[in-house]
């Protein structure tokens, strides 16, 4: 028997596996398109004059001076900053590296300042930065609450399309209970219960009967809109003084902090619902990432079969998550009738629940990022109000669609790569 020898020196070396990062060109493309539209706006519609940015409010510790800058020159300089960031993004893409968040933040801030300078140039009125930011915080409240509810539900594996219906149900019940009791706190509790009931119905069909979750959410939205619209016209309108005239939460200024320039009036002179929003954002983040409940919830949303194997009750966990999500969304719904105005109107949420869903995706299913996305959408909504006050040449129709344009851009390009929980929308069948 002849022994066979193998020349190890001549044997081919094993092929090394190299990890190649897949970098999407979406961000550079979106930055280029937005910058091109921005430059086209400045070129085709020059708006001469000075822009005046008012930074202080009465009662501040330090009265900041009004900043006066040439409108068009400032706009073009900001456009040049945006161009530098775009070139940086292109170089990063060629090097197969992602664009960092700080770069897109500088890009967005530069174009925003340039747009404000162009829009307010030549206006006899100052553009109030405090009013712009304070209004953005107020308008983002229902969106942030809805987004937090969406994050909790989808982290557990249930697509919560019914956020719109939960906000609307909360606003409706808050108006009735707040009017009957003459207490905004009672209205707030009623909103939480009503929204949780909508979430319970969603869970019944989506978890127990395993109906397609998107369809259930859409049907619930239509159902809540129909019920509240019918009851509004048949019950609330004939009995406005008794059933649809609430007492609103008053602003609660925090001593000393409210007098800090710019951020004082924006963050520390708000209602209890706004302060509660700041607290709940942190609580949801802490509960998801620092508690056993959050670990189990995320396990159920990622791999329910494995979670079941180690003794986690998947069905119970998902139900609890939906009830928590509904309660959070209910607080956002109460904002409409016990904070913003003192009565309920037909379909007054105006699609805030769907923008909250976009904030969930934009925030990559993270409570802190989703809250910041909600703030962005609130800022876009308030921008139309501020620019109309200073007499901006931008058509009102364009400003009305601005929040939805920001939503599309955020979800389509600026968000980067997003991955939903692996079991999101997938009903669990115990084997």
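Among 247-255, 66-74, the peptide with the highest mean count of other Cβ atoms within 10 Å heads the list, and the full ranking is 66-74, 247-255.
Computed from label points 7 Å out along Cα-Cβ, the spacing between residue 96 and residue 200 is 5.5 nm. Panel order for 209, 404, 145, 107, by other beta carbons found within 10 Å of each beta carbon, from fewest to most: 209, 404, 107, 145. Averaging the Cα positions of each part gives two centres, and for the stretch 294-368 and the stretch 199-218 these lie 14 Å apart. Ordered by the count of other Cβ atoms within 10 Å of each Cβ, fewest first, 305, 430, 26 give 430, 305, 26. Note on the chain: with a GNM built from Cα contacts shorter than 10 Å, the maximum mean-square fluctuation among 318, 210, 298 falls on 210. Panel note: the C-alpha atoms of the stretch 26-124, placed on their principal axes, show extents of 50, 37, 15 Å (largest first). Look at [x] 56; [y] 71; [z] 52: the one that is percent of Cα pairs over 30 Å apart derived from this structure is [z]. Specify the residue with the greatest mean-square fluctuation among 389, 216, 151, computed from a Gaussian network of the chain linking alpha-carbon atoms under 10 Å apart. The residue with the greatest mean-square fluctuation here is 389.
Percent of Cα pairs in the stretch 138-375 per distance bin of 10 Å, from zero to the largest separation: 9, 32, 34, 18, 6, 0. Note on residue 210 and residue 26: their simple-model spin labels are 3.1 nm apart, each label 7 Å out from Cα toward Cβ. Using C-alpha pairs under 8 Å with a sequence gap of at least 6, the mean separation divided by the residue count of the chain gives a relative contact order of 25 percent. Shape call for the stretch 180-250 from the C-alpha gyration tensor, a ≥ b ≥ c root eigenvalues: rounded (a/c under 1.5), prolate (a/b greater than b/c) or oblate? The shape class here is oblate. The ranking of 118, 285 from fewest to most other beta carbons within 10 Å of each one's beta carbon is 285, 118.
With the simple model of a label 7 Å out from the Cα in the direction of the Cβ, residue 222 to residue 279 spans 4.0 nm.
No value in this document is a laboratory result; all are computed from the given coordinates. The shown structure was predicted, so the numbers you read here are calculated from the model rather than taken from an experiment. Positions of Cβ are generated from backbone atoms using ideal geometry, with glycine treated the same way; all protein chains shown enter the neighbour counts.
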